[in-house]
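What follows is calculated from the coordinates using simple rules that are stated; it is not laboratory data. Keep in mind it's a predicted model, so treat the numbers as computed, not measured. As a convention, Cβ positions derive from the backbone with ideal geometry for all residues, glycine included, and neighbour counts pool all protein chains shown.
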Amino acid sequence: MVTSSALRWQAGRPALGAQGMRGFTLTELMIVVTVFAVLVGAALPSYNQFVRNQRVKNASFDVFSSLVLARSEAITRNKAVSLAPVTSGTWTSGWTVTADAGATVLRRQEAIPGITITVTGPAAFVYASSGRLSSASGTFELSASGSSITTRCITVDLSGRPVTKVTTC
């Protein structure tokens, strides 16, 4: 026997066919994947440029901090401190900050990892005990090639103070 309350409960219940339809259809899934692929394809080139900019920025910070360290150590030790590439004339392969005519290594910077970054600069920097450069002022130019070239310039004036700019030298 069916009571009136049982009839009301069955009347409010959805049909069996509507209850079986859950989730996404294949067409909806393909549309979502296509939209996602278009968005990733549009964002990837600007992400690559962002990565290049950050790597050049990090490399310029490494050079800048080595210059500041060399100047500071020259003043502190009251001796000449030099900053020179590991391989003669090739700053990209790394550099060292040395005191006491190369006897004491204060910092050794390894080669710049990641994408190819070009670092051009003088043969070496020598800071006198006063913190000034022993020779003429110099510049470093760091760049990474790509769809658009990213460049930073570090200039060292005669007082030995380095200044970095986002521009070509």
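See the values below:
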read-out	value
Calculated Rg and Dmax of segment 51-126 using C-alpha coordinates, Å	12.6, 40
Scattering curve values for segment 26-165, log₁₀ I(q)/I(0), Debye with Cα scatterers, q = 0.09, 0.16, 0.17, 0.18 Å⁻¹	-0.36, -0.80, -0.87, -0.95
Extension gain from residue 104 to residue 24, taking 0.36 nm per residue of separation minus the Cα-Cα distance	22.0 nm
Total formal charge among the other residues, if their Cβ is under 14 angstrom from that of residue 78, Lys/Arg +1 and Asp/Glu -1	+2
Summed side-chain charge close to residue 68 - residues other than residue 68 whose Cβ falls under 13 Å, Lys, Arg +1, Asp, Glu -1	+1
Residue-span extension gain [residue 111 to residue 167] - 0.36 nm each, minus C-alpha spacing	17.9 nm
Extension reserve of the residue 123-residue 42 stretch, reckoned as 0.36 nm per residue once the Cα distance is removed	24.9 nm
